[in-house]
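To start, the structure under review is shown below, and the notes come after it.
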Amino acid sequence: MTFPLSIAATQAALAAKEISPAELLAETLQQIQATNPSLNAFLEVFTEATPTAKTGRLAGIPVAIKDIICTTEGHTTASSKMLQSFRSPFDATVVQRLKDAGAVIIGKTNCDEFAMGASNEFSAYGPVKNPWDTGRVAGGSSGGSAAAVAAGEVLAALGTDTGGSLRLPASFCGVVGVKPTYGRVSRFGVIAYASSFDQVGPVARTVKDAALLLEIIAGSDQQDATSSPHPVPAYTQACGQSIAGLTIGLPAEFFGDEVDDSVKNIVTKAVSALEQQGATLKEISLPLMHLAVPTYYLLVKSEASTNLSRFDALRFAPLPRIAAGSLLQHYETARGQGFGPEVKRSILMGTYALSAGYIDAWYKQASRVRTLIRREFAAAFKEVDVIAGPVSAETAFPLGAKADDPLAMYFADLLTDPASVAGLPALSVPAGFVNSLPVGLQVIGPHFGEEQLFQVAHAYEQSQDWWKKKPEI
């Protein structure tokens with residue numbers, strides 16, 4: 001894009017009439033048209049979108065929406081054949097709040113089917129490719145949103161994070177991705193994967209842009225009983241505050257043998273840069289972290305098996321040409337054709353974990369461990385203000401490298417699952433490159449501690465220039 005690479009700078013250009021809202025929109029559409037064939041980041045682009053007449057904090061700014069979030073524009077397919085023709089009659093709360101702030105909804109981004117995946121290879125409409133190396137994954141499940149921002153197709157996007165689905169693609173693509181505290185953002189109008197984990201969050205090029213987006217979409221919603229009435233702070237004001245005196249915890253488990261040495265080196269340099277700004281680094285331990293992945297997958301697959309039972313190709317978006325002699329045959333045929341392999345695997349795993357004779361041994365036991373992990377984090381936050389470490393044990397891996405190995409794919413979430421199990425806020429901020437591939441620094445905060453995350457991440461970002469680097473597509 002020839003216009004500035006941040007929302008703040010673009011708004012300044014709009015205010016100074018250096019660029020008009022119409023020109024901004026036209027250039028956005030032109031960039032998407034030029035780069036999307038290489039990336040497959042967008043499933044649908046709203047070419048007839050027009051600049052809004054509204055004034056607001058996002059007036060004229062094009063924003064992309066992950067295709068698991070309902071919009072009245074276009075389709076909402078969850079990247080699944082099961083919903084290939086579904087059009088939502090309403091906007092999700094987060095989308096409505098963006099519109100109220102003057103944003104222009106520009107299109108729907110590709111994702112793993114029903115948000116189930118860590119690589120964005122489990123989309124019914126093909127994988128999203130990494131802008132830094134199109135032979136590698138963009139990360140999932142919000143890979144389309146992250147790739148679109150990294151490639152300069154849009155200035156910002158919304159995604160969802162269940163177990164790392166914002167942070168992992170943000171790290172792989174070299175942008176900022178934020179998973180808010182569970183309940184911080186309304187889930188009304190978001191197609192559920194795992195209801196006690198899913199959270200909507202922003203993807204942007206800068207920490208301050210992400211803070212602005214979260215400020216706008218966060219807050220209580222009468223249409224979502226799980227949304228919190230906790231007041232929404234001015235997150236943007238936390239950006240620029242000194243981090244002198246803050247204590248940053250470094251869990252030994254985040255720097256284990258599973259983490260590539262080159263990634264460790266990048267993250268170690270990043271936290272050293274924070275120390276140079278007056279923060280105190282403190283080594284801590286989270287002994288239960290090794291249980292986060294199995295706990296997470298037992299719980300989310302169980303919730304998924306329940307949530308996806310509503311999709312039968314009779315309601316929402318009926319599939320064409322299903323010949324069946326009975327209702328059971330219809331279900332078998334429709335769900336067999338409509339769901340992809342990872343969704344089917346999730347339903348089977350979850351149904352097994354919830355079945356009689358196994359629910360006590362698996363689901364209930366995982367729920368107990370989840371409580372213990374939450375308590376462990378709570379104890380840690382009595383000693384430190386935030387926790388830092390890598391987002392991923394590796395950089396973006398080649399397309400197809402893990403697609404046929406479910407366990408390897410699940411362990412891609414090794415460092416992101418702990419915060420998700422505990423319902424904590426966490427973000428990824430660009431921290432450098434290994435062999436020309438981005439590496440993200442993960443910062444985790446206490447419940448409703450997003451201000452500290454933005455404070456620390458912004459301080460690091462402004463001491464570096466990683467966010468200014470763009471891939472050549």
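Please give the peptides 90-97, 236-243, 145-152 ranked by average Cβ packing (other Cβ atoms within 10 Å per residue), highest first, as a rough proxy for protection.
Numbers: 90-97: 22.0, 236-243: 17.1, 145-152: 32.4.
Ranked from most to least packed, the peptides come out as 145-152, 90-97, 236-243.
Just to be sure I understand, if you calculate P(r) over Cα pairs in 10 Å bins from 0, in percent for this structure, which of (1) 4, 22, 33, 26, 11, 2, 0, 0; (2) 4, 15, 18, 15, 12, 10, 8, 6, 5, 3, 2, 1, 1, 0, 0; (3) 3, 14, 20, 23, 19, 11, 5, 2, 1, 0, 0 do you get?
(1)
Residue by residue through region 380-385, which ³J(HN,Hα) values in whole Hz follow from phi under the Karplus form 6.51 cos²θ - 1.76 cosθ + 1.60 (θ = phi - 60°), with glycine and proline marked x?
With coefficients 6.51, -1.76 and 1.60, one gets 5, 6, 7, 10, 10, 8 Hz.
Which of the listed residues, Ala9, Ser38, Ile65, is farthest toward the dipole's positive end in region 1-65, when Lys, Arg count +1 and Asp, Glu count -1 at the beta-carbon?
Selected residue: Ala9.
Can you sort Glu113, Glu394, Glu18, Glu461 from fewest to most other Cβ atoms within 10 Å of each residue's own Cβ? Intermediate results must be reported in sequence, preceding the final value.
Working: Glu113 31, Glu394 18, Glu18 12, Glu461 22.
Least to most surrounded, the residues fall as Glu18, Glu394, Glu461, Glu113.
Sort the following peptides by mean Cβ neighbour count (other Cβ atoms within 10 Å, averaged over residues), highest first: 124-130, 200-206, 354-360.
200-206, 124-130, 354-360
What is the distance in Å between the Cα centres of region 255-287 and region 409-473?
So the separation of the two Cα centres works out to 12 Å.
Show me, for region 389-398, the HN-Hα J-couplings you get by feeding each phi into the Karplus relation (A = 6.51, B = -1.76, C = 1.60, θ = phi - 60°), rounded to Hz, glycine and proline as x.
Along region 389-398, the couplings run x, x, 7, 9, 6, 8, 7, 3, 8, x Hz.
What residues from region 95-129 fall in the zone where the backbone N is under 19 Å from a label point 7 Å along the Cα-to-C-beta line of Ala234?
Flagged as within label range: 101.
Rounded to the nearest 0.05, what FRET efficiency is calculated for Asp260 and Leu328 with R0 set to 51 Å and r the Cβ-Cβ distance?
My answer for the efficiency is 0.55.
Quick one: net charge of Asp221's neighbours, Cβ under 12 Å, K/R +1, D/E -1?
+2
Can you give the helix-only mean residue ellipticity at 222 nm for the chain, where every DSSP H stretch with n ≥ 4 adds -39500 (n - 2.57) and the sum goes over all residues, rounded to the nearest 500 deg cm²/dmol?
-10500 deg cm²/dmol
Once amide H atoms are built 1.01 Å from N in the peptide plane, which residues 5 or more positions from Leu441, or in another chain, come under 5 Å H to H?
Val429, Ala431
Determine, from the Cβ-Cβ distance of Arg315 and Ile359 and an R0 of 25 Å, the FRET efficiency 1/(1 + (r/R0)^6), rounded to the nearest 0.05.
0.35
Once label points are set 7 Å from the Cα along Cα→Cβ at both Gln337 and Ser436, what is their separation, rounded to one decimal in nm?
4.4 nm
Using the alpha-carbon centroid of each, what span in Å lies between region 93-145 and region 190-225?
A separation of 15 Å, based on Cα centres.
Amide H of Arg136: which non-local residues (sequence gap of 5 or more, or other chain) have their own amide H closer than 5 Å, using H built in the peptide plane?
Residues meeting the criterion, in which the H sits 1.01 Å from N, are Asn130, Leu399.
Using the structure shown, list the pairs from Lys66/Lys269; Lys208/Lys264; Lys17/Lys54 with a Cα-Cα distance above 22 Å, or answer none.
Over 22 Å Cα-Cα: Lys66/Lys269; Lys208/Lys264.
What list do you get for His458, His75 if you sort them by fewest beta carbons within 10 Å?
Result, fewest neighbours first: His75, His458.
What net charge is computed for the residues neighbouring Ile105, neighbours being all others with C-beta under 15 Å from the C-beta of Ile105, Lys and Arg scored +1, Asp and Glu -1?
Around Ile105, the charge tally is -1.
Tell me the net charge near Asn307. Cut-off is 12 Å between Cβ atoms, Asn307 excluded, with +1 for each Lys or Arg and -1 for each Asp or Glu.
Residues near Asn307 contribute +1 overall.
Read-outs throughout are calculated quantities, based only on the coordinates presented, and are distinct from any laboratory measurement. Since the structure is predicted, the reported quantities are computational estimates derived from the model, not experimental observations. So basically every Cβ, Gly included, is an ideal-geometry build from the backbone, and we count neighbours across all protein chains shown.
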